[in-house]
1. If you scan the range 272-302, which residues turn out to be under 15 Å from the mean Cα position of the chain (by Cα) and touching a residue at least 60 places away in the same chain (Cβ under 8 Å)?
2. So in the range 171-190, with the set limited to residues that are crowded, with 22+ Cβ neighbours inside 10 Å and not in a helix (DSSP H, G or I), which one is farthest from the chain's Cα centre (by Cα)?
3. What are the residues in the range 191-217 that are open to solvent by 30 Å² or more (accessible area, probe 1.4 Å), assigned to a loop (DSSP other than H, G, I, E, B) and more than 16 Å from residue 168 (Cβ to Cβ), if any?
4. When the residues of the range 64-93 are filtered to those that are more than 16 Å from residue 42 (Cβ to Cβ) and among the β-branched types (Val, Ile, Thr), which remaining residue is modelled with the lowest pLDDT?
5. Touching a strand residue (DSSP E or B) at 6+ places or on another chain (Cβ under 9 Å), under 24 Å from residue 172 (Cα atoms) and either aromatic (Phe, Trp, Tyr) or open to solvent by 10 Å² or more (accessible area, probe 1.4 Å) (or both): is that true of residue 86 in this structure?
6. Given 303, 324, which one is surrounded by 20 or more Cβ atoms within 10 Å (Cβ to Cβ) and more than 23 Å from residue 181 (Cβ to Cβ)?
7. From the set of residues in the range 243-278 that are assigned to a loop (DSSP other than H, G, I, E, B) and touching a helix residue (DSSP H, G or I) at 6+ places or on another chain (Cβ under 9 Å), which is most open to solvent (accessible area, probe 1.4 Å)?
8. If you check residue 146 against the conditions, is it open to solvent by 10 Å² or more (accessible area, probe 1.4 Å) and either at pLDDT 90 or above or β-branched (Val, Ile, Thr) (or both)?
Amino acid sequence: MDILKVLVVDDSAVYRKILSMAVEKTGLALAEHTASNGTLAIERLQHGKYDVVIMDVNMPELDGIQTLKIISERWPETHVIMVSSTGGKNAKTTIEALGCGALDFIIKPLEQDYEKNMEIVARFLKGLFTQIQVKRAGAAKTAKTESTVTPVNTINHGKIGINGVDMVLVASSTGGPSALERIFNGFGRNFYKPMLIVQHMPPDFTRVLAESLDKKSEMKFIEGKDGDGIRAGQAILAPGGYHMEIAKGSEAVKKICITSGSYVNGVRPAADVLFKSVAKEYQGARILTVILTGMGSDGLEGVRELKQKCLCYCITQSEESCVVYGMPRSIKEAGLSDEVLDIDRIAERIVRISEHGS
């Protein structure tokens, strides 16, 4: 596969160096140029072609959000990865950037240990660069055989049917915030099923994401806290940096339990942890699972266990509409997906299956 050409944009010379070194450490990309602000980044893009722009959220003159919007409009084929510091304001801006088309984001590395932080960023970027190359290769192959890409909506007939649901579970990673927004923008107040969501994100960011979804949807969204009750018409988002499980017990209203256990599938929160706890505490229940865009295979073992212990129907997002076709692919290839849908069909199917069955 071709080496990716990357533009690194940050107002700090130190961070430009760390990010450039991390890009080249992946072995999949070359940091062709750098820029100290958004204005210079746009000038670079006008005079050269770049596959990826890695850009700080906060910059002088033209900030990250403004620059991202220009890139998305003028060079839509260029992938943008944001760099953000922790903290509420930065988290809010980063969530906005994801909604404006950014592929993903990385937490700004600390300056104290350049080598360690460069290695951490390089590992993360290598995963993203690999997915960009795979998606590009797939698109090129499709273009050779088809003039247009038609929507993919497939039901695997003969698999499990479900008559309404007791709970909805959603898992997503890279590209997930935008996918979640597209799904839940159309939800109304008349959706009366409890919903639990795992989105791979660090602390602070999941709280901001929950607040953003709550504002844009008529359904109630909250970031989960230990002891929160699982209630109809409410969506609980697993807090970044922690696992979310179902608390043991036979209370009339079941509650969630927030833990800081070991990373599972390299992430925390992990969908597998939540799904397996639901399978244990809701044995025999009707569970609808929705697996959205994301790297890796988190959710696979959890869905497998749900299929064994519950009446579980699983929707996976189509490859064509995924930013990264990893998590849905793992479910589909394991034969656990009951339905494959483009992102814009998923909301109506969640409502339809929840109210009337599959």
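1. Residues satisfying the conditions are 290, 291, 292, 293, 294, 295, 296, 298, 299.
2. Among residues in the range 171-190 that are crowded, with 22+ Cβ neighbours inside 10 Å and not in a helix (DSSP H, G or I), the one farthest from the chain's Cα centre (by Cα) is 171.
3. Here is the first cut: in the range 191-217, the ones open to solvent by 30 Å² or more (accessible area, probe 1.4 Å) are 192-193, 200, 202-204, 207, 211, 214-216.
With assigned to a loop (DSSP other than H, G, I, E, B) added as a condition, the list becomes 192-193, 200, 202-204.
Result: 200, 202, 203, 204.
4. 86
5. yes
6. 303
7. For the range 243-278, the residue satisfying everything is 248.
8. no
The values are calculated or read from the model by the stated rules, or taken from the named source; none is laboratory data. As the structure is a computational prediction, the values presented were derived from the model and not from experiment. Using ideal geometry, Cβ is built from the backbone for each residue, glycine included, and neighbour counts are taken over all protein chains shown. Keep in mind that these areas ignore ligands, DNA and RNA; they rest on the heavy atoms of the full protein, side chains included. Shrake-Rupley method; radii C 1.70, N 1.55, O 1.52, S 1.80 Å.
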